[in-house]
Amino acid sequence: MQDIMQFASNHAILGLAWIALLVLVIVTTVKGLFSNVKVIGRGEATRLINKEDAVVVDVRSRDDYRKGHISGSLNVVAADIKKGSIGELEKHKAQPIIVVCATGNSASESAAQLSAAGFTSVSVLKEGISGWSGENLPLVRGK
């Protein structure tokens, strides 16, 4: 303990950076535990699609969507969700929703907005389309 205190006093900036990172990890963990939006893997996503008729919402740009997307997914860009333009999704409020982006990082905000809009079960696909295609799961091109 004495070594830690000596290090912190000799390297104040590194000590503060460590404390800030620790606080961020704790806040992110607590936020994830109490969030209505869950992060799911590809196996769970496949189960939801096949067994519970989940709707996949791809929030990438139209060009990226055309290059490859999950079969049956709807392309609703994140900006439209942010504006509240979710007309085609309204009829799916009671179904599970899986929000997909390129890497799984930017979909969280759109998923939170859908959850706030009254969608009952909203999830984010971990690692997004890159993880999906990385496991050689099927993608549809065009449209």
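Restricting the range 45-126 to GluC sites (Glu not before Pro) that sit in a DSSP loop and have at most 14 other Cβ atoms within 10 Å of their own Cβ leaves 52. Sorting 120-126, 42-48 by their mean Cβ neighbour count within 10 Å, with the most densely packed peptide first, gives 120-126, 42-48. In whole Å, what is the distance between the alpha-carbon centres of the range 21-57 and the range 72-143? Between the Cα centre of the range 21-57 and that of the range 72-143, the gap is 12 Å. Summarising the label geometry, the points placed 7 Å from Cα in the beta-carbon direction at residue 28 and residue 140 lie 3.4 nm from one another.
Long hydrophobic helices in the chain, taken as whole DSSP H segments with a C-alpha length of 30 Å or more on their own axis and mean Kyte-Doolittle hydropathy at least 0.0: 12-34. In summary, the lysines within cross-link reach of residue 31, defined as a Cα separation below 30 angstrom excluding same-chain residues under 8 places away, comprise 51, 82, 83, 91, 93, 126. The structure-derived value of log10 I(q)/I(0) by the Debye sum over Cα atoms at q = 0.08, 0.10, 0.18 Å⁻¹ appears in the list (1) -0.23, -0.36, -1.20; (2) -0.30, -0.42, -0.97; (3) -0.23, -0.35, -1.01 under the label (2). Magnitude of the charge dipole for the range 1-127, about its Cα centre and with charges confined to Cβ atoms of Lys, Arg (+1) and Asp, Glu (-1), is about 200 debye.
We did not get these values from a lab; they are worked out from the coordinates using the rules stated. Since we're looking at a predicted model, the values are computed, not measured. Glycine gets a Cβ as well: all are built from the backbone with ideal geometry, and neighbour counts include every protein chain shown.
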